[in-house]
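Since the structure comes first, as structure tokens, the remarks are kept for the end.
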Amino acid sequence: MLKGLTFLRGAATVALMALAAPALAAPHANTVVASVNGEEITLGHMIMARENLPQQYKQLPDEVLYNAILDQLIQQTALKQQLNGEVPHYVQLSVENESRALLAADVIETVMANAAGEEALRAAYDRKYSTGNGGDEFHAAHILLETEEEAREIKEELDDGADFATMAKAHSTGPSGPSGGDLGWFGLGSMVPEFEEALLAMRSGQISNPVQTQFGWHVILLRERRKSAAPSFDEVRGELEQELRTRAVEDRVNDLTAAANIQRPEIEDLDVSIIKDLSLVRN
């Protein structure tokens with residue numbers, strides 16, 4: 001009997017101890033993974049260190065990366081402790097800039113996440129494609145030249161009856177030259193703004209005056225213009241999401257800066273090249 005009672009008493013004690021023992025907490029961002037002279041390094045520090053690595057390093061095995069990151073953070077902590085708490089001015093400025101950028105990006109992420117709900121997307125689609133078409137499409141050709149003088153000479157020859165494709169093959173410096181300058185069909189947004197602005201003012205069969213863009217001087221032939229069929233909602237969903245998010249961010253930035261008390265004092269004798277002078281922040 002005594003032996004059995006002793007066994008039961010021991011089992012009961014173990015059970016009570018198991019109930020009383022606190023459950024081990026799962027690792028979290030504030031879990032300490034190392035300390036250097038009392039300064040703690042947490043799992044959160046490691047997570048963010050990995051997040052900021054180039055993509056090729058993220059492909060390393062987890063065990064290798066874990067140990068490498070922890071070793072680096074330990075070494076960095078030991079090194080920075082040599083400053084005895086003093087922070088160089090250029091480091092403080094960099095930290096402030098990085099903090100400002102990260103916090104601003106966080107606000108932007110929130111704005112973007114709330115800007116493209118299903119209802120907003122459907123409304124944007126209806127506004128953009130309510131006419132049943134996808135906007136203007138153009139079939140055009142061009143002759144690209146280096147100077148305005150060359151472009152004007154080519155335009156004069158075309159006005160006198162020269163064949164556009166022949167002139168393009170002979171004179172155009174663009175990649176479409178060998179094919180007579182033909183650019184095929186394209187929609188708005190496909191070409192640089194100056195090129196599209198000229199097209200929008202033209203009628204089918206017309207040849208433009210010389211148009212300057214970042215690529216040089218163009219003489220443009222608008223062969224034909226048409227309305228394209230409206231795309232389906234699913235086809236343009238991603239495009240609409242991006243448009244709504246971009247607009248929402250621009251609106252929020254404009255609202256915030258308009259409401260803010262912003263002062264930009266005039267600084268006498270300021271040479272704007274001073275922003276290249278690192279010696280000013282390393283003193």
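Structural remarks
- Residue satisfying condition, being more than 29 Å from residue 124 (Cβ to Cβ), in contact with a helix residue (DSSP H, G or I) (Cβ under 8 Å, 6 or more places away or on another chain) and in a helix (DSSP H, G or I), within set 155, 169: 169
- If you go through region 107-156 and pick out every residue that is without any contact (Cβ under 8 Å) to a residue 60 or more places away in the chain and buried (at least 16 other Cβ atoms within 10 Å of the Cβ), you end up with 0.
- Any chance residue 259 is surrounded by fewer than 11 Cβ atoms within 10 Å (Cβ to Cβ) and among the hydrophobic types (A, V, I, L, M, F, W, C): yes
- Any pair with Cβ under 7 angstrom, 6 or more apart, that starts in region 53-70 at a residue that is without any contact (Cβ under 8 Å) to a residue 60 or more places away in the chain and ends at one that is in a helix (DSSP H, G or I): 58/50; 65/50; 69/46; 69/49; 69/50; 70/46
- Enumeration of residues in region 224-258 that are closer than 28 Å to residue 201 by Cα, touching a residue at least 40 places away in the same chain (Cβ under 8 Å) and not hydrophobic (A, V, I, L, M, F, W, C): 224, 225, 226, 227, 228, 231, 243, 247
So that you can scan it fast, the table gives a plain yes or no per residue for (1) small (Gly, Ala, Ser); (2) under 23 Å from residue 137 (Cβ atoms); (3) at pLDDT 95 or above:
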site	(1), (2), (3)
220	no, yes, yes
229	yes, yes, no
235	no, yes, no
239	no, yes, no
255	no, no, yes
259	yes, no, yes
263	no, no, no
266	no, no, no
276	no, no, no
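- Residue selected from region 220-256 under the condition among the basic types (Lys, Arg), surrounded by 14 or more Cβ atoms within 10 Å (Cβ to Cβ) and not assigned by TED's automatic domain parsing to the domain that holds residue 138, by the criterion farthest from residue 151 (Cα to Cα): 252
- Of the helices (runs of 4 or more DSSP H) that lie entirely inside region 1-78, those containing 1 or more residues that are of a type in the set (A, V, I, L, M, F, W, C), at pLDDT below 95 and over 25 Å from residue 102 (Cα atoms) span 2-20.
- Taking region 163-198 as the range and being of a type in the set (A, V, I, L, M, F, W, C) and within 18 Å of residue 152 (Cα to Cα) as the test, the residues that pass are 164, 165, 167, 168, 170, 195, 198.
- Residue within region 133-150 that is at pLDDT below 95, not acidic (Asp, Glu) and not in a strand (DSSP E or B) present: no
- On the stretch given as region 211-230, residues that are over 30 Å from the mean Cα position of the chain (by Cα) and part of a loop (DSSP other than H, G, I, E, B) total 0.
- For region 157-171, the candidate set comprises residues that are of a type in the set (D, E, K, R) and over 41 Å from the mean Cα position of the chain (by Cα); within that set, the residue that is surrounded by the most Cβ atoms within 10 Å (Cβ to Cβ) is 157.
- Of all residues in region 264-278, none are in contact (Cβ under 8 Å) with a residue 12 or more places away in the chain, assigned to a helix (DSSP H, G or I) and surrounded by 10 or more Cβ atoms within 10 Å (Cβ to Cβ).
The values are calculated or read from the model by the stated rules, or taken from the named source; none is laboratory data. Note that the coordinates shown come from a computational prediction; the quantities given were computed from them, not determined experimentally. We place every Cβ from the backbone using ideal geometry, glycine too, and count neighbours over all the protein chains shown.
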